[in-house]
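To start, the structure itself, in structure tokens.
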Amino acid sequence: MNRQDFTPHPRDHQFAQTILDSISAHVAILDAEGYILETNRAWKRFAEQNRIQVRPDMTNVNYLEVCERTGEYAFVAAGIRDVIAGAKGEFVMDYPCHSDTEKRWFYMRATRAGDTGPLRVVVSHENITAIKLAQEKIHRSEQELLQEKLRLEEANTALKVLLARREEDRRDLEANVLDSIRQLVTPVIQQIRVNALPERTEKLVATLEFRLEQVTKPFLQRVEAVESILTPQEIEIAALIREGLTSKDIANRLNISITTVNFHRRNLREKLALRNTGSNLRTYLIKLER
């Protein structure tokens, strides 16, 4: 074994030791063969607290051989050898070092100490437990947020399905109400009007018609609802009216008489509750919501 002696001036050694002892990281100075020449107070304290099976300062112990004997950390010895050989500028790693009472993590860094004099390698182990615990907390929070996001997305999807179903059910109900009024109520009113009615009865029938219009009018704000009460030809004529075609244009397009077109126009106004309102039929059809 041909190790280089580490014999600085006593005063220089005392000053260097004071600096080393002021560092919170666990620090060891290695020679070119991996032997520990000096350690600081933090290193010694850690060794004492964790009952390392050698002297707490571990001086004259070959650090590389200790790492290689563990098997698990043989790659650390290989990394430090690369630093000694100049193949790497530094070797770094973070690793767990849990005790029976707490979880701990350290950040290790091995680097050459200057370019003059005998080759020395500084190995430091900094306690990064607070950082690791913070990272774990952030990771847990991210996972919780992700799970909450997925839960909300699922709930949102379910809500959209329920709302779509509710909208569909509402439209079915509206269509059924309109269809029932058109098939069951309107014919009865028309039959009543066949004969001359007493003035009071006429007023009651007119009131009934007006109130039926008020009931059905909110249902007639969408094309789907409108189409549910129109005949196929009325739907076709309504579409052409909406496009801006005149009665003559529609008659020519469908090859029917203008009289027939006007008949359907009256029916449209009747079914859309526009009778005697002064509302423009085309304007109403354009404003229908889909």
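The values are calculated or read from the model by the stated rules, or taken from the named source; none is laboratory data. Please read these numbers as outputs of a predicted model, since none were measured by experiment. All Cβ positions, even for glycine, are placed from backbone atoms using ideal geometry, and neighbour counts span all protein chains on display.
The residues listed here are 123, 83, 92, 66; of these, the one that is among the β-branched types (Val, Ile, Thr), in a strand (DSSP E or B) and buried (at least 16 other Cβ atoms within 10 Å of the Cβ) is 123. Working carefully through the options 185, 194, find the one that is touching a residue at least 24 places away in the same chain (Cβ under 8 Å), farther than 14 Å from residue 272 by Cα, aliphatic (A, V, I, L, M) and assigned by TED's automatic domain parsing to the domain that holds residue 231. When all the criteria are applied, what remains is 185. So, in region 98-120, of the ones that are aliphatic (A, V, I, L, M) and touching a Phe, Trp or Tyr at 6+ places or on another chain (Cβ under 9 Å), which residue ends up surrounded by the most Cβ atoms within 10 Å (Cβ to Cβ)? Applying the filter and picking the extreme gives 110.
Taking residue 132 as the residue in question, decide whether it is surrounded by 12 or more Cβ atoms within 10 Å (Cβ to Cβ), within 40 Å of the chain's Cα centre (by Cα), closer than 30 Å to residue 19 by Cα and of a type outside the set (Phe, Trp, Tyr). In short, yes. Restricting 272, 268 to residues that are modelled with pLDDT of 85 or more and closer than 23 Å to residue 171 by Cβ narrows the list to 268. Can you confirm whether region 176-188 contains a residue that is closer than 18 Å to residue 268 by Cβ, of a type in the set (Ser, Thr, Tyr) and modelled with pLDDT under 80? Among the residues of region 176-188, at least one is closer than 18 Å to residue 268 by Cβ, of a type in the set (Ser, Thr, Tyr) and modelled with pLDDT under 80, which makes the answer yes.
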